[in-house]
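Here the structure comes first, spelled out in structure tokens, and everything after it is commentary.
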Amino acid sequence: MKHSFPSIDYVMSLTPGGMKDGRDNVLKLMHILWNPQDKLKVFHVTGSNGKWSVCQMISQVLWKTFWKKVGLFTSPHFIDINERFQINGKTISDAELEKYYKNVLKLSKKHNVPLSFFEIQVVVMVLYFVEKKVDYAVVEVGLGGIYDGTNIFSKPLACFITSITLEHTHVLGKTCKTILANKLGIVKPWTHLYTPLNNKQIREKCLELKVVLHTLKNHTRIKTNLPGKHQERNAQMTLEALNNIWFDRDKIQSGLQKIYNPGRFEWINTDILVDTANNEENIRLLQKMIKKLTIKQKTIILFGTTQTEPLYAQKLSQMIAGNETILVDDFCDRALPCSEYIWKKERNIIHFLSEREKIEKILNDTSKIKIIYGSFYLVGEIMKVSRYKPFA
């Protein structure tokens, strides 16, 4: 969405090329500003899958059930950059975002500290949450861990590693072990780590850093209002973390029954289901949930991805079956072209931006169920075309 604010427009022009992995310049600027990030009580969340859901659970339980003032920082955004900065469910206004961007760009220039697109978001997040005096800040990593732009907090209240699977291997590493090592980078000495994982690599790291490790108990089931058993695991991490800082257990469980989780197995219309499943583990979860649906109409599957490995993308594109499958590209600058992973000559390819009217025609056909999965950015584009606003 085009903003009529020059600083917002300038920052949005920096996005091509994807996320820059690094935090040194953010730390440098934070140090110049006397480390305002250390004033925040932070829940820091990383993982391959589930981190968005855990962030939504923690923030919503705290502000809806316990009436705390909670800042939530997530990425990417579906429709508007403002979605990345929320306080008690309300996104930052254009006027405020313009003010913070302008200020951060001035600081960057004044102190000769160049900042990438994502690094700017992190600095704005810190300044915004500190100025608004939030009680807690829930922060989702941008991509990884140790070199992530959000990895600037010296003593977070709690850290989370939600899961580990192969993802963004060109940045995080080619094996689950190297990816886990990267994501363990957000864990700081003498803090608390919550995770469903319990392996030697994690235990040794926690022992080295004197970290209290909280692993999930298999026999404990925490109900939520969200579909899928995997959400019980996310809810259990939320419950244990909040309960350990003295929030009432029963009230937490009550709050977990009222979570809004946009873009995750969400019906944005009576016949349009979206899910930001973009790796094998997430898509298998989506498969299980779809099997429980009673669908009498024909289904159209729309898939698009930002995965960089064509063979992996090809596999993902075949995992959800429908009467017709449409591969979508050009939905963002990082989209993998369908021509690189198409697996049958007769498969449909829609170049999203150049054939917007054709996409609208498909979405407006109420005689068929549309299941859209893959990239977060694809789901965001579908929301735009459908005129659906997740945080309206």
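Listed values, structure above:
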| quantity | calculated |
| --- | --- |
| Test: residue in the stretch 363-376 that is open to solvent by 10 Å² or more (accessible area, probe 1.4 Å), part of a helix (DSSP H, G or I) and modelled with pLDDT under 85 | no |
| Residue within the stretch 300-310 that is surrounded by fewer than 22 Cβ atoms within 10 Å (Cβ to Cβ), touching a residue at least 12 places away in the same chain (Cβ under 8 Å), in a helix (DSSP H, G or I) and touching a Pro at 6+ places or on another chain (Cβ under 8 Å) present | no |
| Matching residues in the stretch 144-155 - criterion: being open to solvent by 20 Å² or more (accessible area, probe 1.4 Å) and touching a residue at least 60 places away in the same chain (Cβ under 8 Å) | Tyr147, Ser154, Lys155 |
| Residue count for the stretch 377-389, restricted to those that are open to solvent by 50 Å² or more (accessible area, probe 1.4 Å) and in contact with a Ser or Thr (Cβ under 8 Å, 6 or more places away or on another chain) | 1 |
| Selection within the stretch 201-225 - in a helix (DSSP H, G or I), farther than 17 Å from Ile179 by Cβ and touching a Leu at 6+ places or on another chain (Cβ under 8 Å) | Arg203, Cys206 |
| The stretch 33-49, residues that are hydrophobic (A, V, I, L, M, F, W, C) and either open to solvent by 60 Å² or more (accessible area, probe 1.4 Å) or in contact with a helix residue (DSSP H, G or I) (Cβ under 7 Å, 6 or more places away or on another chain) (or both) | Trp34, Leu40, Phe43, Val45 |
| Unmet requirement for Gln287, which otherwise passes all of (1) outside any helix (DSSP H, G or I); (2) free of Cβ contacts under 8 Å to residues at least 40 places away in the same chain | (1) |
| Test: Arg334 is at positive phi, open to solvent by 70 Å² or more (accessible area, probe 1.4 Å), outside any helix (DSSP H, G or I) and not aliphatic (A, V, I, L, M) | no |
| Meets criteria (under 30 Å from Leu302 (Cα atoms) and open to solvent by 40 Å² or more (accessible area, probe 1.4 Å)) for Asn269 | yes |
| Condition broken by Gln121, with the remaining ones in (1) more than 24 Å from Leu242 (Cβ to Cβ); (2) among the polar types (S, T, N, Q); (3) open to solvent by less than 10 Å² (accessible area, probe 1.4 Å); (4) part of a loop (DSSP other than H, G, I, E, B) satisfied | (4) |
| Conditions (1) closer than 23 Å to Leu29 by Cβ; (2) crowded, with 19+ Cβ neighbours inside 10 Å; (3) in contact (Cβ under 8 Å) with a residue 60 or more places away in the chain; number of the one not met by Lys132 | (2) |
| Pairs with Cβ under 6 Å, 6+ apart, first in the stretch 83-112 and under 26 Å from Tyr388 (Cβ atoms) and open to solvent by 50 Å² or more (accessible area, probe 1.4 Å), second modelled with pLDDT of 95 or more and assigned to a helix (DSSP H, G or I) | Asn88/Trp63 |
| Neighbours by Cβ (under 7 Å, 6+ apart or cross-chain): first from the stretch 173-197, in contact (Cβ under 8 Å) with a residue 24 or more places away in the chain; second charged (D, E, K, R) and assigned to a helix (DSSP H, G or I) | Leu184/Lys205; Val187/Lys205; Tyr194/Glu240; Pro196/Arg233 |
| Residue that is out of contact with any helix residue (DSSP H, G or I) (no Cβ under 6 Å at 6 or more places or on another chain) and either within 28 Å of Ala181 (Cα to Cα) or open to solvent by 20 Å² or more (accessible area, probe 1.4 Å) (or both), where the choices are Asn198, Asn243 | Asn198 |
| Residue within the stretch 350-361 that is outside any helix (DSSP H, G or I) and open to solvent by 50 Å² or more (accessible area, probe 1.4 Å) present | yes |
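The values are calculated or read from the model by the stated rules, or taken from the named source; none is laboratory data. All of these numbers come straight from a predicted model, not from anything done at the bench. No Cβ is skipped: glycine too gets one built from the backbone with ideal geometry, and neighbour counts run over all protein chains shown. Protein only, heavy atoms only, side chains kept; ligands, DNA and RNA dropped before computing areas. Shrake-Rupley method; radii C 1.70, N 1.55, O 1.52, S 1.80 Å.
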